[in-house]
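The structure under discussion appears below in the form of structure tokens.
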Amino acid sequence: MSPPPGIRLSVRDLEISHGDRTLFSGLTFELGTGELATVTGPNGSGKTTLLRTLAGLRLPAAGEAMLDGTPVDVVAHGLTAPMAYQGHSDALKRDLTLAENLRFCEALWGGSANIEALTAELRLTPCLGQRVRHLSAGQRRRAALACLRLKRAALWLLDEPLTNLDTLGAELVNAWISSHLQTGGAAVVATHQPERFAARARLEIGL
Amino acid sequence: MNTFTSLFARDLKLAARRWSEFSTPLIFFLIVASLFPFALSPDAATLRTVGTGVLWISALLSSLLALDGLFRTDVDDGSMEQLLLSPASLSLLVFAKISAHWVVSGLPLLLLAPLVALSFYLPPAAVPTLVLALLLATPTLSALAAVGAALTVTLRAGGGLIGLLVLPLTSPVLIFGTRATDLAIHGEPAAGALYLLGALAAFCLSLAPLAASAAIRVNLE
């Protein structure tokens, strides 16, 4: 599942507001292949809003965010999907089993991954036949991360990926991010624990 | 096309697992239709005159009742964002959701309608035309209501608002649907009204997914 090489996210003078309140303005940064940016800041400072804007799910109040020269909202509505966004919600169907959820995600993104190997790596194999409703919060988070792996996206936008994860899960996320960066991907991670990513982060965005 | 079938299958599976939720509109249809004889008169001649209208209005109301949760469950659990960001076209995915919803809510309506028609003393010879008219009309209703559901997806009390938005738009379906049924009851050819119902279905099914997906995009911001 290696993403296409060569990706560049350019953010210039970005201003983001929620209602009539400006969260931040004048944000400028560049992120290229193999690079990681962490986004830190207190609750309500606009981390999630920034990630949703970078994912093209909402429009900035001013400034621009471009992925390889195309505005991110145009990219998001297109059919190439070079971005994967993992928000606070797990985006799993609670009345489907874990295997059904993963197979749907795979079909949606047109991949052909080895779901068994992936769930074994996440230690979710015993849960494959269970409905997501019956899984614990941490297991659901792992399942959501499994979906992330099924997407062949070059840019990962992760909102608090370590929430609800135990030490082993957190290490796994770190390992995945490392291998994603090594295979030519890039990632923007909003987190309250920047020290866990500090070793690889090229850029720290404080809001 | 693979994404269409997977989402279609996923929604049918979810509907099968939450059957009580999805059978409510059908029971609503039966109950509303069976209340009319109490309010009007159990007399066969009266029922035969009002039967067509009762049947169509009950079908219309129950199809609206069914659509409130069409997009909301996906928006609430974050699936809609993933559908939007996926490489598949959102309009195609919305079309898959409308189709799955029609199988769950429209198709059973077609099977129940003859029962209601016969209990209102409509002539059995008119039943095939009635079912055919419903077969052409229910996809239009699903498509129109999907646009309403998409527009109100982030509102807590969107259910009532869908009715206000969509019911005026359904009047052509009601007019041609009852006309086709009436013509069949009087033993006359109903092809003209049926053609118009078919045209409405083609028009709405081709445009509604575009409108609904645009509404969802705006609402997710």
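Here, each number is a calculation from the coordinates, and none is a lab measurement. Since the structure is predicted, the reported quantities are computational estimates derived from the model, not experimental observations. Reconstructed Cβ throughout: ideal geometry from the backbone, glycine too, with neighbour counts over all protein chains shown.
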Counting only other chains, what is the mean number of Cβ atoms within 10 angstrom of the Cβ of each residue in peptide B:84-95? 5
For chain A, the longest principal axis of the Cα atoms and the Cα long axis of helix A:98-108 enclose an angle in degrees, to the nearest 10, of 50
Taking the Cα centre of each part, how many Å lie between the stretch A:122-155 and the stretch B:117-164? 38
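Label chain A by shape, choosing from rounded, prolate and oblate, from the square roots a ≥ b ≥ c of the eigenvalues of the Cα gyration tensor; if a/c is under 1.5 it is rounded, and otherwise prolate applies when a/b is larger than b/c, oblate when it is not.
prolate
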Given Cβ point charges of +1 (Lys, Arg) and -1 (Asp, Glu) and nothing else, what value in debye, to the nearest 20, does the dipole of the stretch A:39-117 about its Cα centre take? 260
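Averaged across the residues of A:51-62, what count of C-beta atoms belonging to other chains lies within 10 Å of each residue's C-beta? It would help to have the intermediate numbers written out before the result.
Numbers: counts 0, 3, 1, 0, 3, 3, 7, 4, 1, 0, 0, 0.
Per residue, the number of nearby Cβ atoms from other chains is 2 on average.
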As a test of the definition: which semi-axes, in Å, follow for the stretch A:113-207 when you take the square root of five times each eigenvalue of its alpha carbon gyration tensor? Largest first, please. 24, 16, 11
Rg followed by Dmax, in Å, when the protein assembly as shown is reduced to its Cα trace: 25.4, 84
Rounded to 10°, Cα long-axis angle of helix B:19-39 versus longest principal axis of chain B: 30
Within chain B: Cβ-based charge dipole about Cα centre, in debye rounded to nearest 20 (Lys, Arg +1; Asp, Glu -1): 160
Packing-based exposure ordering (other Cβ within 10 Å, fewest first) of A:R196, A:R142: A:R196, A:R142
How far is helix B:2-17 tilted, in degrees, relative to the longest principal axis of the Cα atoms in chain B, given as a value from 0 to 90 rounded to the nearest 10? 60
Using only Cα atoms, locate the centre of the stretch A:55-94 and the centre of the stretch B:1-51, then give the distance between them in Å, rounded to an integer. 39
